[in-house]
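For reference, the structure is listed below as structure tokens.
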Number of protein chains: 2
Amino acid sequence: MKQKILKQKIIKIFKNHKLSSSHALICANALINAELVGAPTHGLSRLKMYCDRINKKVINPKPKIKIKKISQSISQINANNSIGFVAADIGIKQAIKNAKKTGIGLVAVKNSGHYGLSGYYAEQAVNKNLIVFCFTNAPPAIAPHGAKKSLFGTNPICFGTPTSSRIPFILDTSVSVINRGKIRVAARMGKKIPKGVALDKFGKPTTDAKKALAGVQLPIAGFRGSGLAWMVDILSGVFTGGNHGGKVKDPFDDFSGPQNIGHLFLVMKPNLFVGNYSKRIKENIKRIKRLPKIKGVKEILYPGQSKQRRFKKNLKKEINIPPKITEDLKKLNA
Amino acid sequence: MKQKILKQKIIKIFKNHKLSSSHALICANALINAELVGAPTHGLSRLKMYCDRINKKVINPKPKIKIKKISQSISQINANNSIGFVAADIGIKQAIKNAKKTGIGLVAVKNSGHYGLSGYYAEQAVNKNLIVFCFTNAPPAIAPHGAKKSLFGTNPICFGTPTSSRIPFILDTSVSVINRGKIRVAARMGKKIPKGVALDKFGKPTTDAKKALAGVQLPIAGFRGSGLAWMVDILSGVFTGGNHGGKVKDPFDDFSGPQNIGHLFLVMKPNLFVGNYSKRIKENIKRIKRLPKIKGVKEILYPGQSKQRRFKKNLKKEINIPPKITEDLKKLNA
């Protein structure tokens, strides 16, 4: 489907679900961006879920979002159970504003929901020539080190910086070894999954994808990844006033109440300590890119580069819509 | 050796190497702490190296350390090639001061050197009831994803938070799979190292410890760990004004100039957004600790807990000094 037409369709659907025009536009842009960067798990496949949550009154389509000023640098946002995209959009914009004013901006968002891709918000800050961290937690997906039950979300660590080129450095990495989607595909195809990725329901390591689905996924690098996931849960949940410690509800399965996800945005001016950040980061990237490469590697890429390439390529094309989602669109549009 | 006696010895050695009494005390405390927490690679085994660097005039024993105020929250420190312990001690104390005043403190240090364990500085902030990040870079030790040459340091990510108990949550994790010391031991014992830990000098994966020593170590979780190491290099090097992109010199081998390592400290008040952080973090930890455990695991520990247990145990004992270090002490004391 042509991108413009798809965008109008999504906007119409969200407006039919009582979102304002401006909020519907924010959501449509975020969903289409996910498709364009090659992350369909965070794109249209979630549209119906968001609408279902609005219908079941666990997302508030007409939120009264309050921004509380703690200082010139620090703000807190109570998103009033808005859709995550809208809360995060307001959050990152406020953090950018604070950083532009004082050099550093810290914004905590509570009572929000799943906001899609962290990198999407990080890019907003980087495009304004700022350094940025985005943290958010998510429903239980991976087991803390030593546990045989999931509790942490995939809890991404997201960091971005201007690079002096048009392609930003955006590290947006979950702390699970592989994502659940890949395990699902392996289960369907009857393929094995790598070692060290998951435990079965008895807490034993397994390479059987079906047993892994019934069990738990593991964090990257054992105790280290588990610690990083815990850190993200603390920063985005405990610190902001959001849910934490396994209490974030699964948006697809649990309609018993709002998610109350928390987000934390930290934004800094790159020239706080050096006059020539742009030159320095260019030199840094150049040094790393010209290292001798292992066999089969043509180019050393910095985080965000391959995503940007996919985006550029996809921007010229129509968006491919699977039958299931065409069906969703028809139903929701009715 | 009794801790008190050892401490006096170290202070005397540093004073003989022209450090002031207060700087010598800071260094002695940091080195002894590393021994007590069970990280001897960051303890006495480095004493001679620091003295050698002073003798070769690549560490400045009488630094004129300048603190520049950027704002109430933000400071920059030019450490004037001081020993890293002293620069980092001043840096974290300034960040704590700024955070106490405004809610958030950001301090960049440049022209510093190896500062020992990040967790040691994080603990200072946590003991003042603050949340903290410490970043520092280090000499080349691991290869960026796709490269067959080392460039990133082990570049630790260090995060700390008060827990409402006396044992702080301190995540202090390097981004290399295992440390070089372990590969050295395996090489000596003729043992194999695990898969995915290192490449040989031709860029091929190897489990032969000797070949690994001639080759490169790998970051945790492939592209993800590589991205995290890159992030730390940017934050502590590019951003602060320190060396970066593989230019930090090895303190043991390269006396051709100062290291110019950069550190970045970010400190935040835990109650910025919630009135009851202490209660919330306690609840968070409780929920995770009571998860069902995998076979053989008695207790789920949070980062910093086992270190604190070692510290407590070792605090009552004499410090065991290997013959090589006894020799160092004698020579340096002469």
Give me the residue from the stretch A:174-215 that is in contact (Cβ under 8 Å) with a residue 60 or more places away in the chain and out of contact with any strand residue (DSSP E or B) (no Cβ under 6 Å at 6 or more places or on another chain) and, out of that set, farthest from B:Pro219 (Cα to Cα). A:Gly181
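Each row is one residue, and each column tells you yes or no for (1) basic (Lys, Arg); (2) facing chain B (nearest Cβ under 7 Å); (3) part of a helix (DSSP H, G or I).
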{"site": "A:Gly203", "(1), (2), (3)": "no, yes, no"}
{"site": "A:Ala229", "(1), (2), (3)": "no, no, yes"}
{"site": "A:Val248", "(1), (2), (3)": "no, no, no"}
{"site": "A:Phe252", "(1), (2), (3)": "no, no, no"}
{"site": "A:Arg280", "(1), (2), (3)": "yes, yes, yes"}
{"site": "A:Ile285", "(1), (2), (3)": "no, no, yes"}
May I ask you to list the residues in the stretch A:151-176 that are more than 9 Å from chain B (Cβ to nearest Cβ) and out of contact with any Gly (no Cβ under 7 Å at 6 or more places or on another chain)? A:Gly153, A:Thr154, A:Asn155, A:Pro156, A:Gly160, A:Pro162, A:Thr163, A:Ser164, A:Ser165, A:Arg166, A:Ser176
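Table: residues versus (1) among the small types (Gly, Ala, Ser); (2) part of a strand (DSSP E or B).
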{"position": "A:Gln94", "(1), (2)": "no, no"}
{"position": "A:Gly105", "(1), (2)": "yes, yes"}
{"position": "A:Gly116", "(1), (2)": "yes, no"}
{"position": "A:Gln124", "(1), (2)": "no, no"}
{"position": "A:Gly160", "(1), (2)": "yes, yes"}
{"position": "A:Ile167", "(1), (2)": "no, no"}
Look through the stretch B:288-308, keep the residues that are basic (Lys, Arg) and surrounded by 14 or more Cβ atoms within 10 Å (Cβ to Cβ), and return whichever of them is nearest to A:Asn243 (Cα to Cα). B:Lys289
Within the stretch B:80-88, does at least one residue satisfy the condition of being more than 18 Å from the chain's Cα centre (by Cα), surrounded by fewer than 22 Cβ atoms within 10 Å (Cβ to Cβ) and either within 11 Å of another protein chain (Cβ to nearest Cβ) or at pLDDT 95 or above (or both)? yes
Looking only at the stretch A:134-149, which residues are surrounded by fewer than 24 Cβ atoms within 10 Å (Cβ to Cβ) and not in a loop (DSSP other than H, G, I, E, B)? A:Ala147
Search result, residues across the stretch B:150-189 that are at pLDDT 95 or above and among the charged types (D, E, K, R): B:Asp172
Every residue in the stretch A:47-61 that is surrounded by fewer than 22 Cβ atoms within 10 Å (Cβ to Cβ) and either in contact (Cβ under 8 Å) with a residue 60 or more places away in the chain or touching a Pro at 6+ places or on another chain (Cβ under 8 Å) (or both), please. A:Leu47, A:Lys48, A:Met49, A:Cys51, A:Asp52, A:Ile54, A:Lys56, A:Val58, A:Asn60
How many of the residues in the stretch A:232-246 are assigned to a helix (DSSP H, G or I) and either more than 10 Å from chain B (Cβ to nearest Cβ) or free of Cβ contacts under 8 Å to residues at least 40 places away in the same chain (or both)? 3
Over 19 Å from B:Thr41 (Cβ atoms) and touching a strand residue (DSSP E or B) at 6+ places or on another chain (Cβ under 7 Å): does that describe B:Val297? no
From the residues in the stretch B:89-104 that are within 14 Å of chain A (Cβ to nearest Cβ) and out of contact with any Lys or Arg (no Cβ under 7 Å at 6 or more places or on another chain), which one is surrounded by the fewest Cβ atoms within 10 Å (Cβ to Cβ)? B:Lys101
Do we find that A:Cys27 is in contact with a Leu (Cβ under 9 Å, 6 or more places away or on another chain), among the hydrophobic types (A, V, I, L, M, F, W, C), over 23 Å from A:Phe265 (Cβ atoms) and not in a loop (DSSP other than H, G, I, E, B) in this structure? no
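The values are calculated or read from the model by the stated rules, or taken from the named source; none is laboratory data. The structure displayed is predicted, hence computed values, not measured ones. Cβ atoms come from the backbone with ideal geometry, glycine included; neighbour counts cover every protein chain shown.
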